[in-house]
1. In the full protein assembly as shown, how much of L192 is accessible to a 1.4 Å probe, in Å² to the nearest 10?
2. Measure nothing but the geometry: give the 0 to 90° angle between the long axis through the Cα atoms of 70-92 and the longest principal axis through the Cα atoms of the chain, rounded to 10°.
3. What's the magnitude of the charge dipole for segment 57-137 around its Cα centre, counting Lys and Arg as +1 and Asp and Glu as -1 at the beta-carbon? Answer in Debye, nearest 20.
4. Which angle between 0 and 90 degrees, to the nearest 10, do you get for helix 15-46 versus the longest principal axis of the chain when only C-alpha atoms count?
5. Run the 1.4 Å probe and let me know the accessible area of H172, rounded to the nearest 10 Å².
6. Counting helices only, and only those DSSP H runs with n ≥ 4, report the 222 nm mean residue ellipticity of the chain as the sum of -39,500 (n - 2.57) divided by its residues, in deg cm²/dmol to the nearest 500.
7. Using Cα pairs closer than 8 Å and at least 6 residues apart in sequence, work out the relative contact order for the chain, in percent.
8. At a 1.4 Å probe, what is the % contribution of carbon and sulfur to the accessible area of segment 43-181?
Amino acid sequence: MQTLTAKAKVVDLSDQDALLLGLLGFVATKLWNVANHHRRSVWDETGKIPDFAQQCRELKANRWYKLLPSQSSQEILSELDDSYRSWFSLRKNADQKANPPGFRKKETLSTVTFKQKAFEMLPGHRIRLRLPKTYARREMVLEYRLPPDTALGKVQQVKLSLDPTSGDWYVHIAHRVPIEYCETGRIMSLDLGIANAVAGLVTDGFSFLVPGGELLAIDRYFQKEKAKCTKSTSNKCTRLNTKWGRQRTHYLHALTKWLVNLAEDHGVSTILVGELNGIRQDKDWGDAGNQKFHAWPFSKITNLLTYKAALAGIRVIQVSEKNTSTICPHCEKRAKTARVQRGLFLHCGQSFNADLVGAYNIVQRYLRETDQVLPDPSGVVGALARPAVNRFVWRKTTPKGREQGTFKQAA
């Protein structure tokens, strides 16, 4: 089973229901801020940050907690706990510029989650939301419109969010659909990086690169524009963050969709991705290098690729990357000095693309661990010197920013 999220627009919303949804979003924001203040107060007094379970116990009687369904309130506290864990992980990996989760503006309407018995899916694209006893109304029925060709599986939870630009409400429906994986087929190996966002190799001898320059350009542009803002909480800075996130997300979705389509074209049944756990720890590439590395969306790419590939019946497996960039594909011996310059791996009198060497050794490691043999190894090794380079090209620009793009092979 695969969990998906369908984004549906709430339609025919009455003024009364719109006000009630606004109240729920306001309460969610207040609860986030109360919980964040509670964590910081306890931290100042005891030197320890309370965890999710402790906050649930201590805030259960809070009025903002009681104005939402209990599981909705718990979801907000869980999101805050995840944010603190993420911040602590960044600090642990030597990112001293990382700040703890901040407070939300009081005019912000936060996302509200409804789980299990707090909602009911009704016929005719309608959903019933159940409210706490503190409200005069105990339920609310909303009508929504799904994107074309969207079929819902077993619904797990729903989230209500407001688009601040259009003023429209959306319901995000998390549902599970059955997945059938391909049992036989070729293998695609991916080495994720920064100079090259992806270096890939298929066991039929096809190799390719996706330069990371476009994603770097997006980050560099918005970082410079944000530096011109006088306050990080200003409206201009908030708009820049929104636009930055939208363009970044679009690029990552386009990249992972393109990779899955490429895998299907080559009859791939398994995609291998280098496991990057702990790669940031005890590393120092200077201020600029550290900023790029800590902000690079390695895990985001892997997560998006995993669920998109599953829908196509392709498994995604993470394989340790340890020493894969220093093993010669020809003689299979470690050669720490073989990477003589960026992009070039020289050993045994042959030259290879350095990033593809990592992808090749990832697939070799997986095949050894699963007692398989790489078909036609000479042809695959030869492909490491002549990869197809694919660049991302934006196709459309709107007042909201860049909206569409595609990958094209460089001449």
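The values are calculated or read from the model by the stated rules, or taken from the named source; none is laboratory data. Because the structure is predicted, anything quoted here is derived from the model rather than measured. Please note: Cβ atoms are built from the backbone with ideal geometry, for glycine as well, and neighbour counts cover all protein chains shown. All accessible areas refer to the heavy atoms of the entire protein, side chains included, with ligands and DNA or RNA removed. Shrake-Rupley method; radii C 1.70, N 1.55, O 1.52, S 1.80 Å.
1. 10 Å²
2. 40 degrees
3. Values: 18 positive and 8 negative charges, 71 e Å.
For segment 57-137, the charge dipole is close to 340 debye.
4. Tilt of helix 15-46: around 70 degrees.
5. Approximately 50 Å² of H172 is accessible to the 1.4 Å probe.
6. Working: 10 runs with 159 residues, N = 411.
Result for the chain: -13000 deg cm²/dmol, rounded to the nearest 500.
7. On the way: 661 pairs, mean separation 65.7, N = 411.
Answer for the chain is 16 percent.
8. Details: 4110 of 8480 Å².
Roughly 48 percent of what the probe reaches on segment 43-181 is carbon or sulfur.
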